[in-house]
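The values are calculated or read from the model by the stated rules, or taken from the named source; none is laboratory data. Please read all numbers here as calculations on a predicted model, not as lab measurements. Quick reminder, even Gly has a Cβ in these numbers, built from the backbone with ideal geometry, and neighbours come from all protein chains shown.
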Amino acid sequence: MVGRLAQVALAAAAVMALLGATAAAAQAPAATASAKKSALVTVNDFYFGPESVTLKKGGTIKWVWSSANSYPHDVHLKKGPKGLKEKKTYSTKTTAVTDAEFKKVFKTPGTYHFICTIHPTQMHMTVVVKK
Ligand SMILES: [Cu+2]
């Protein structure tokens with residue numbers, strides 16, 4: 001008898017937890033959509049975290065290579081907004097496994113697509129710079 005009651009209580013708790021998780025997930029996009037003045041992106045074996053960043057005009061991104069990496073990666077601008085100047089400065093000149101940083105200020109509004117040239121299908125990210 002007590003056992004059955006406990007089971008019912010557990011099931012109710014599980015449903016409540018599920019409902020709570022769903023509510024939290026529904027609220028998340030609004031929070032991440034706000035434009036940031038600066039953002040930190042980690043370069044990992046085989047993903048950028050996060051894969052999407054929205055910046056204010058003039059905002060900065062700092063990429064930091066994870067100390068847990070075993071493979072080399074780079075940051076490479078595959079496509080930037082139309083008329084973007086000094087495109088080459090949005091890509092690293094070399095690859096690195098760990099202990100590397102790359103910082104870039106985004107003054108031109110638009111959408112930027114970045115990849116790692118060694119793992120282009122796995123590692124990609126998008127930066128949106130607001131006007
Ligand atoms: Cu890579």
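In the condition set (1) surrounded by 16 or more Cβ atoms within 10 Å (Cβ to Cβ); (2) at pLDDT below 95, G83 is compliant with all but (1).
Residues that are among the charged types (D, E, K, R) and free of Cβ contacts under 8 Å to residues at least 24 places away in the same chain were ranked within the stretch 32-80; the one that is farthest from the ligand (Cβ to nearest atom) is K37.
Of the residues making up the stretch 95-123, those that are closer than 19 Å to A68 by Cα and either of a type outside the set (G, A, S) or more than 16 Å from the ligand (Cβ to nearest atom) (or both) are T95, V97, T98, D99, E101, F102, C116, I118, H119, Q122, M123. Out of curiosity, is S91 at pLDDT 95 or above, assigned by TED's automatic domain parsing to the domain that holds M123, surrounded by 12 or more Cβ atoms within 10 Å (Cβ to Cβ) and away from the ligand (no atom under 16 Å from the Cβ)? So S91 fails the test.
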